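First comes the structure, then the notes that go with it.
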Amino acid sequence: MLRREWPTLAIVAGGGLVAALAPSAAPFVLAGTVLALGAWLLVRHEDAPPRPAAGLPVSAGPDSAPRISARDLAAAVPYPLVIFEETSAIAYANDAAQEAFGPLQDGMSLLLKFRAPEMQELIGALTAGQVADGAVEYGERFPVESAYRVTGGAIGAGNRLFFLLFKDQSETRRIDRMRSDFIANASHELRTPLASISGFLETLRGPARNDPAARERFLSIMQEQTARMSRLIDDLLSLSRLEMRSHARPAGTVDLRQLLESVADTLAPLSGDLGVVVERDFPEDALLVQGDRDELFQVFANLLENACKYGQSGGRVVVSMSKAGEPPEACVTVRDFGPGIAEEHIPRLTERFYRINAESSRAQKGTGLGLAIVKHILTRHHGRLAIRSTVGEGAAFSVWLPLK
Amino acid sequence: MTAAPHIFRTFDEELASLAKRIAAMGGHAERMVDHAVASLVHADPDLARQVIADDLVLDEAQREIDDRAVIIIARRQPVAADLREVIGAIRIASDLERVGDLGKSVAKRVVAVRDFLPPVSLFRGLQTLSELALEQLKGVLDVYASREAVKIAALRERDGGIDAMYTSLFRELLTYMMEDPRNITPCTHLLFCAKNIERIGDHATNIAETVYYVITGDQMPLERQKDDRSHRVVMPAPAVPDGDRS
């Protein structure tokens, strides 16, 4: 059914592209393109030679016009574009749509996939032959948060084919969210050190004015607190930056073995200071995963650093790596032999600023954001973090990543 | 819905439209839970009222799906995959209707906890819990659309995360109640909210099992154990001197 409509489709896809690039004028450009090029197509049709029986009009004209396949054109649209039939069955979904919304098989009902009430309304209106006015906001929260402005329309007249075009708004949305989150988090977490600094300042100007010993002690505490605040801001910024880009899966290739060697080497001074022996249990061959090297470095550096700090009493940390599961995935486990974590805390460790024990966290210069950062990076990599622990026997943090 | 079309095309259409109604219902349920938790966290009684009103949509949808399913059974006397499709629709609709009720129950409590200002971590915990439940719900409804039964096992596994999270919140709420008796009223409401969200996860698991049955014709193995340990929590244990892992 789709094939016969290819030329029209190509034009509309092109129109969609223009519309997507100039969102404010979208309805006009879209309608204009469809009308103008539809008319052109009609005229064209008359002087074009009869179509071959197989009906594969991939060429736009008999003469010098370039050969354009509608499918190629739809595939070239950098935004998710879905073409569907009157029954709401998907006729074609381009790569961007597959990437954004997971598997969209041809023939699958669009209504089953896009369940938000507004989307149901939009699709229903389109297939009922109404002209959709304006765009619909559509968002998904899993696996990563995303937001789109969706426009739709009929393809040609009487073709009984329709399209939905998704314009990605995630970034804008995320910047807004980041701003409000940042302020909420920062103000909450910076209040404590600020309050303590201002308290000490007051004492220094008042009762402790002429007490050099106290002054020295207070100043060093204040220095510690400002260092803590700046660490906190660094971590908050890096988390916010990560959250902003969290929608696209990084495309690079990373050799986990080599990456972990370098993480362990980088942290050797720290583990040495803490008196922790880092044992490496790596397989012979390379484990390749899709990802961003710097970000994955941060994941394993955070995990190893935690293991050394909080599992210090165990004296050793084992970093192991293997291929496991069905389908096989790369699994990296950082295991310590410290005091372990009580079960009620385990599900909440990746929450921002969740602390099991604020005192010891502060002593270890923790900001409460390390594992939140880990979780974010892994989500972006389609990976996950599993935590197992028995009190008194240490803890194991396992990272699962799909193989390249 | 099935591999080969039926001789009566209208039968195919009836089955397809049943599935679409389920999906629409699912969309409403997802939205309700999302808004219910948002109204709780942001203390927004207007949004809560809207959630409460939305529940009616789900109730009506469930009745309609039941009626349609009964009519299909009576008229077409479906067998095998078709029968599973129809029975599955009835079961999923009733689970989704319960999800809506639980969402409504959360929204109803917004007024009661409006003036309670718990530590940020508590609401963050509730949000994480609801995200886990919603992710589960979205996952099963996506499988219902894509028919990829292989993905169901992993989804069902994840329900364990919701239970563990709920147990953790249970402990945290007990701590606040013990700290100050004035916290007891709002914390009890929040406890019910957490419980409701945890139940939403259970309904998502039920739907996952139904979807698996509809697609494959086999029942899922009974391997999953309930891992909610809150019934064993008597009083909050002192924190292990361990430090935070962040």
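Some points to look at:
- Residue satisfying all of: in region B:204-225; closer than 20 Å to B:LEU129 by Cβ and more than 14 Å from chain A (Cβ to nearest Cβ); surrounded by the fewest Cβ atoms within 10 Å (Cβ to Cβ) among these: B:GLN225
- When the residues of region B:163-203 are filtered to those that are over 17 Å from B:GLN127 (Cβ atoms) and among the aliphatic types (A, V, I, L, M), the one that is nearest to the other protein chains (Cβ to nearest Cβ) is B:LEU174.
- Any hit, region A:277-300, residues being open to solvent by 30 Å² or more (accessible area, probe 1.4 Å), touching a residue at least 60 places away in the same chain (Cβ under 8 Å) and within 14 Å of another protein chain (Cβ to nearest Cβ): yes
So that you can scan it fast, the table gives a plain yes or no per residue for (1) outside the structural domain of A:LEU122 (by TED's automatic domain parsing); (2) over 30 Å from A:ARG149 (Cα atoms); (3) modelled with pLDDT under 90:
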residue: A:PRO49; (1), (2), (3): no, yes, yes
residue: A:ALA70; (1), (2), (3): no, no, yes
residue: A:LEU73; (1), (2), (3): no, no, yes
residue: A:LEU81; (1), (2), (3): no, no, no
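- Qualifying residues in region A:338-366 (those that are at positive phi and touching a helix residue (DSSP H, G or I) at 6+ places or on another chain (Cβ under 8 Å)) - the one nearest to the other protein chains (Cβ to nearest Cβ): A:PHE353
- Within region A:247-284, being more than 30 Å from A:GLN312 (Cβ to Cβ) and more than 29 Å from the chain's Cα centre (by Cα) holds for one residue alone: A:GLU284.
- Taken as a whole, the structure places A:PRO143 among residues that are facing another protein chain (nearest Cβ under 9 Å) and out of contact with any strand residue (DSSP E or B) (no Cβ under 8 Å at 6 or more places or on another chain).
- Qualifying residue in region A:328-344 (condition: aliphatic (A, V, I, L, M) and open to solvent by 20 Å² or more (accessible area, probe 1.4 Å)): no
- Residues located in region A:86-120, provided they are farther than 11 Å from B:SER146 by Cα, charged (D, E, K, R) and within 12 Å of another protein chain (Cβ to nearest Cβ): A:GLU86, A:ARG115, A:GLU118
- Residue ranges of strands (runs of 3 or more DSSP E) in region A:112-173 with at least 1 members among the polar types (S, T, N, Q), crowded, with 22+ Cβ neighbours inside 10 Å and within 28 Å of the chain's Cα centre (by Cα): A:146-154
- Condition met for B:GLU135 (among the acidic types (Asp, Glu), facing chain A (nearest Cβ under 9 Å) and more than 15 Å from B:ALA208 (Cβ to Cβ)): no
- If you check B:LEU117, B:LEU40, B:LEU126 for being over 15 Å from the mean Cα position of the chain (by Cα) and in a helix (DSSP H, G or I), only one passes: B:LEU40.
- Selection over region A:216-262 of residues that are more than 26 Å from A:ARG352 (Cβ to Cβ) and open to solvent by 70 Å² or more (accessible area, probe 1.4 Å) gives a count of 7.
- Subset of region B:141-162 [more than 9 Å from chain A (Cβ to nearest Cβ), under 21 Å from B:LEU96 (Cβ atoms) and touching a residue at least 24 places away in the same chain (Cβ under 8 Å)]: B:VAL143, B:ALA149, B:ILE152, B:LEU155, B:ARG156, B:ARG158, B:ASP159
- Restricting A:LEU190, A:LEU194 to residues that are free of Cβ contacts under 8 Å to residues at least 40 places away in the same chain and part of a helix (DSSP H, G or I) narrows the list to A:LEU194.
- Identity of the residue in region B:147-159, surrounded by fewer than 17 Cβ atoms within 10 Å (Cβ to Cβ) and part of a helix (DSSP H, G or I), that ends up modelled with the lowest pLDDT: B:GLU157
- Residue tally, condition of a type outside the set (A, V, I, L, M, F, W, C) and surrounded by 20 or more Cβ atoms within 10 Å (Cβ to Cβ), over region B:173-184: 0
- Positions within region A:356-404 being open to solvent by 50 Å² or more (accessible area, probe 1.4 Å) and within 15 Å of A:ALA342 (Cβ to Cβ), in sequence order: A:ARG388, A:THR390, A:VAL391, A:GLY392, A:GLU393
- Residue list for region A:89-111, filter: open to solvent by less than 30 Å² (accessible area, probe 1.4 Å) and assigned to a helix (DSSP H, G or I): A:ALA96, A:ALA97, A:PHE101, A:LEU110, A:LEU111
The values are calculated or read from the model by the stated rules, or taken from the named source; none is laboratory data. Since this is a predicted model, take the numbers as computed values, not measurements. Please note: Cβ atoms are built from the backbone with ideal geometry, for glycine as well, and neighbour counts cover all protein chains shown. Areas reflect the complete protein model, heavy atoms only, side chains present, ligands, DNA and RNA absent. Shrake-Rupley method; radii C 1.70, N 1.55, O 1.52, S 1.80 Å.
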